[in-house]
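Colleague: Have a look at the structure that comes next, please.
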C-alpha cells in the first residue's frame, strides 16, 4: 500500500513538473512579440547610428523600446498570476538587460568603445539569457538561438569589423525576428486549439 502511494505521489510530482515546463513554454510563446520588437529595435539603432552617425541613436532607441515594451506588456498582462517559472524566466532576462545596460553604457561613455568587443559582449549576454530560458524550459530551439548568439560573439572576437557586423545582424535576424515570429505563430495556434476545445 505504501509503495502504491509513493508511486502516485511521484507521478503527481512529475505531472506538476511537466505542467510547469508547458506553462513556461506557453509564457515564452506569448512573448514572441518581445523578441520581434527588440530585433526591429536593434536594426533601427544600427541603421540610425551607422547612416546618421548619431551618437545617441542606441540609448534613445533602447530607452524608447523599453518604454514601449513595458506599456504593451502591462496592457497584455491581464490577471495572469506570477508563477515560479515566469519569475525565473523574467529574472534571467531582467538581469541580462541590466547587465547589458551597465556594461555597454560604461564602455560607450568611457570613450574606449570598440564595436567588435561591444558586439561580443551583447551577443554573449543575450546568448546567456536564451540558454538559461532554454534550460529552464527544456527547449532545444531556444538553446540553438543561444548557440547562434555565442557564435556571433566568437566571430566578433576573432573576425574583422565587417565579419562581426554580419554575424551580429544574422543573429538578430535568426534569434530575434525569426524566433519571435515562430513564437507568435505558436501563440496563435495555441489560441485556436483552446478555442476548438472550448
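Colleague: At a 10 angstrom cut-off on C-beta neighbours, averaged per residue, how do the peptides 138-147, 114-123 rank from highest to lowest?
Modeller: 114-123, 138-147
Colleague: Hey, could you get me the Stokes-Einstein D for segment 101-188, Kirkwood radius over alpha-carbon pairs, 4 °C and 1.567 mPa s, rounded to whole µm² s⁻¹?
Modeller: 96
Colleague: What residue among 148, 40, 188 shows peak mean-square fluctuation when the chain is described by a Gaussian network model with Cα springs under 10 Å?
Modeller: Result for the chain, Cα springs under 10 Å: 188 fluctuates most.
Colleague: Show that you can apply the helix-only estimate: for the chain, add -39,500 (n - 2.57) for every DSSP H stretch of four or more residues, divide by all residues, and state [θ] at 222 nm to the nearest 500.
Modeller: That calculation yields -30000 deg cm²/dmol at 222 nm.
Colleague: From the list [x] 72, 34, 25; [y] 48, 36, 26; [z] 43, 36, 34, can you say which value of Cα extents along the principal axes in Å was derived from the structure given?
Modeller: This structure yields the entry labelled [x].
Colleague: Taking a quarter of the surface of the convex hull around the Cα atoms of segment 66-137, what do you get in nm²? Don't jump to the answer; show the numbers that get you there.
Modeller: Values: hull surface 22.7 nm².
Computing the convex hull of the Cα atoms and averaging its projections yields 5.7 nm².
Colleague: How much of the calculated P(r) for segment 63-106 lies past 17 Å, in percent of all Cα pairs? Show your work: numbers first, answer last.
Modeller: Working: 436 of 946 pairs.
For segment 63-106, the fraction of Cα-Cα distances above 17 Å is 46 percent.
Colleague: Separation between the residue 195 and residue 66 pseudo-spin-labels, each 7 Å from Cα along Cα→Cβ, expressed in nm?
Modeller: So the two model labels end up 3.7 nm from each other.
Colleague: For the residue pair residue 114 and residue 186, what label-to-label distance in nm results when each label sits 7 Å from Cα along the Cα-to-beta-carbon direction?
Modeller: In this crude spin-label approximation the distance works out to 3.7 nm.
Taken together, the values in this text are just the output of simple stated rules run on the coordinates, not laboratory data. All of these numbers come straight from a predicted model, not from anything done at the bench. Neighbour counts run over all protein chains shown; Cβ positions are idealised from the backbone, glycine included.
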